[in-house]
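What follows is a short report on a single structure.
The values are calculated or read from the model by the stated rules, or taken from the named source; none is laboratory data. None of these values were measured; they are calculated from a predicted model. Note that we place each Cβ from the backbone using ideal geometry, even for glycine, and neighbour counts take in every protein chain shown. Just the protein is used for accessible areas: all its heavy atoms, side chains included, with ligands, DNA and RNA removed. Shrake-Rupley method; radii C 1.70, N 1.55, O 1.52, S 1.80 Å.
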Amino acid sequence: MSRDRLKPDSKQNRITIVQFVLTIHSMQLGVGAISIPADLARISGTDGWIALIMGWAVSVVASLIIVQVMKRYPKGTILELIAHYFGQWAGRLTALVFVVYSAIFAYLILDRMVLIIQSWIMQQTPPYTLMLLFIVPAYVIVKGGVRIIGRYSEVVVLCSLWMPLAMLVLLKEANWLHLLPVLKEGWMPVFKTVNTTIITFLGFESIYYIYPNLDRKRYASVGVAIANTLTLLVYLFLTLICFLVYSPDQITQFNDAVLSVVKIIEFRFLERFDIVMLTCYLLIISKTWIPPLYIAVYCTKRLLFGGKPELYLGVFLAGMVVVTYLWNPDWNESVDALKWFSNFGIAIAYVFPLCLWGVLSVMLKFKRWQT
Amino acid sequence: MSIIWRIFKLAAAAKRLSARSSNGGPADERGELASGLERNLNELRRVFSHAPDLVVRTFPYKQAGRRAALVYMSGLTDKNAVNNNILRELMFHIADDAASGELPVTLGKLQTCSSWTQVERALLNGMSLLFVDGMGHGYALDTQGWPQRAISDSQVEPSLKGAHQAFVETGESNIALIRRYLSTSELKIKEYQVGDRAPCKVSMLYMADITEPELIQALEKRLLGLEIDCILNTGQLAELLEDDPYAFLPQFITTERPDTAASQLLQGRVCVVVDRSSSVLIAPTNFVAFFQGIDDYSMRWPIASFLRLLRFFACFVAAFLPGIYIACISFNYEVIPLDLILSIGQFRAAVPFPPFIEALIMEITLEMLREAGVRLPAPVAQTVGIVGGIVIGQAAVQAGIVSNLMVVVVASTAVASFIIPNYDMASAVRLIRFPVMLLASLFGMIGIIVCVMVLIARIIGLHSLGESYSTPIAPIRVRDWRDVFMRLPLWTMANRPRSIRTRQKRRMGSGSHGGDEE
């Protein structure tokens, strides 16, 4: 990675609006999609899909606020913005927070992905070996900077367009009565589920880092709305398919409901369609944890006053393998860790931009800071 | 890796610099021509010692009343022109206006040389040098005529409906072939000399009103920066010019076909014609351009679109089919229904090798057969086909070395790799399947998907002349897709593809000749 790959403003790092939308969408859609139908069903039964729409509304508002904040300093990422308004040390502190946040984000998703592979396809292979496999493409992609990440998202989205179509086959098993009556237990369970659904939309905080790279910034607000809507549509599609095929009680018994439901599809020449599907879905998961890895590298470079980004990237990737080798979290630990992490995520993606926006709005009322 | 490359380059540059300063400057300072004929000829004989093909003919130059000498390399010149248009005129003819000082030579191209470097270059390029006693300069007369191949059909890229003329080994003829398609003064040509020891004429062709000037400058900068003693063919030049020397995919198209070159020029690309090489380099290029053939545009569009899709599918098959087979057989057999796996097991029962080794044996045999076929003269090559088809194909199965199914898989892979129209791309795809097979045998489907990820990452990270290699897929340019996976009717392509930056966007309809209306 030449050093200017990390300069958000330079011409060769510009991304198009499509790349912007798909990068955000990619970071949102990942391991969560596999378990979300069951997670929703456990709390609010088959009305869970209504909570998805609410979660979407909240995340759109949060993304729009982030865009508003980023507009205050369009040349740089959130780190430059904070350094500009609040001084270098505040910038460095933010960088530290984001290093920790993104590294954990990337690690937990990668680890979850490896666990899914292990439980569905490769029971005998130790997780760190699997992780070792995936660090090669990750290295090549992150090395290329935001533009390559954007292109990767585009290619992966194009490559996976067949998957929802294949899942439409399941509609012949569908039982539309499962959805009725709508709101059978009132609004309360739905509201309780919103907490879960807003976590699944986490990932739009990548706007902090890719906004300055965006070519035409006036479309940013529309872009984030489209990105969130895309994610919502995918979630709704998966959730509804699962709800329609499985009965309301049955669905709570599956952890990875989406994979289990795909298992129903069978051909005369192909059994276990879920394995093929999961293998291809790994492409989609991979683009969930690659952007945070980039963010981690970017912040590390800011924190340590420059240095070689490749080195940091290598250290992060090696660190992930070593952590997995030593700690080797099992499924429950991974679930707990993600649950703990989601609080962190809510703070970073929902609370932090709101506070920042408030502070900046008040600050810029006074002439002194208007630079 | 790029850092190591840069260090290498730096070190090489430093070395060259020091070598140059110790030599006392470049070859240009070999000196000027003297005015005495004998002195010049002696110097010439000294420079061209041990060159029996150097012909020196001294004769009285009738018009000026002085002695003169004509010097040429006997194999590189057109003897007819030398005898009839130069010697005869000079020895016997006196022009009507002798006072004007015009040379009485009936040749078109004529230039004066005053330094020995120029003389040497002109002589070695097949020009005849005329020295006149008492003159401080010589005349280089265009009598080039070296052994040349006739213009014939393309061997590497045959086409059904396209033109049956392919490039030959002379740069000028190749440029003429392109000019026949683009008879417009907007076709501009810039010439460069590449190579320190044996300079080779390299011409850059572009359409002035279409091609983006930045691309021309980028290529020019790279051409001028080349430091090599000699280039032998276009492939070598392509390797020196490309953006990423470690990539396994070709980053420029090289073609033998003038019509392909013309069509690429019209799309706003730059064409590099290398003298002495029968293929032409086209830059910038992208991944999908390797799947377009010139025949696509002379066929009905539904058929052309079908062929396009077939090629992409073939590319996938050629790269991944053996890997998928290995993964399904040795790793993820739960994917295959029970009845099917039992019948596969029956085939495989006699085979002692694991699927990976079995595939490797067949693939390597196949690659050997192919390579043998390429290098052998045509009549013998048929024998290779028979040996490969009957002996190895059938006998290997009967002997229980490989299974029937593996032969089917490997054979379809081979056929698929022949469908890709560009030879460079086809060879690259052939190479991809070995790592895919290895990872598939170690990690099954997961190994394959990791290969896919690495492949995608490499392709989207590549650049050709600074332009994205993966356009119009990433960055997505949906408008260009009408000429990517499909070949929609020509009237839908009124605009030039966006994936190549061009000055002029429209290609058909009003304004296509005079440029865009601003």
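Quick notes on this one:
- Candidates B:Ser203, B:Ser154, filtered to the one that is hydroxyl-bearing (Ser, Thr, Tyr), assigned to a loop (DSSP other than H, G, I, E, B) and buried (at least 18 other Cβ atoms within 10 Å of the Cβ): B:Ser154
- A:Arg272 vs. criteria within 10 Å of chain B (Cβ to nearest Cβ) and on the phi > 0 side of the Ramachandran plot: yes
- Which numbered condition B:Ser185 fails, given (1) out of contact with any helix residue (DSSP H, G or I) (no Cβ under 9 Å at 6 or more places or on another chain); (2) modelled with pLDDT under 90; (3) assigned to a loop (DSSP other than H, G, I, E, B): (2)
- Some residue of segment A:164-182 being among the β-branched types (Val, Ile, Thr), part of a loop (DSSP other than H, G, I, E, B) and open to solvent by 70 Å² or more (accessible area, probe 1.4 Å): yes
- Residues within segment B:330-367 that are away from chain A (no Cβ under 14 Å), of a type outside the set (D, E, K, R) and either in a helix (DSSP H, G or I) or surrounded by fewer than 16 Cβ atoms within 10 Å (Cβ to Cβ) (or both), tallied: 17
- Residue count for segment A:331-368, restricted to those that are open to solvent by 50 Å² or more (accessible area, probe 1.4 Å) and free of Cβ contacts under 8 Å to residues at least 40 places away in the same chain: 15
- Selection count, segment B:428-451, where residues are open to solvent by 20 Å² or more (accessible area, probe 1.4 Å) and either facing chain A (nearest Cβ under 7 Å) or touching an Asp or Glu at 6+ places or on another chain (Cβ under 6 Å) (or both): 2
- Test: residue in segment B:455-475 that is part of a loop (DSSP other than H, G, I, E, B), at pLDDT 85 or above, in contact with a strand residue (DSSP E or B) (Cβ under 6 Å, 6 or more places away or on another chain) and not hydroxyl-bearing (Ser, Thr, Tyr): yes
- One residue stands out in segment A:275-289 among those that are within 9 Å of chain B (Cβ to nearest Cβ) and in contact (Cβ under 8 Å) with a residue 12 or more places away in the chain: the one that is farthest from B:Ala440 (Cα to Cα), namely A:Ser286.
- Residue in segment B:405-415 that is more than 14 Å from chain A (Cβ to nearest Cβ) and not in a helix (DSSP H, G or I) present: no
- Matching residues in segment B:457-469 - criterion: being crowded, with 24+ Cβ neighbours inside 10 Å and at the interface with chain A (Cβ under 8 Å from one of its Cβ atoms): B:Ala457, B:Ile460
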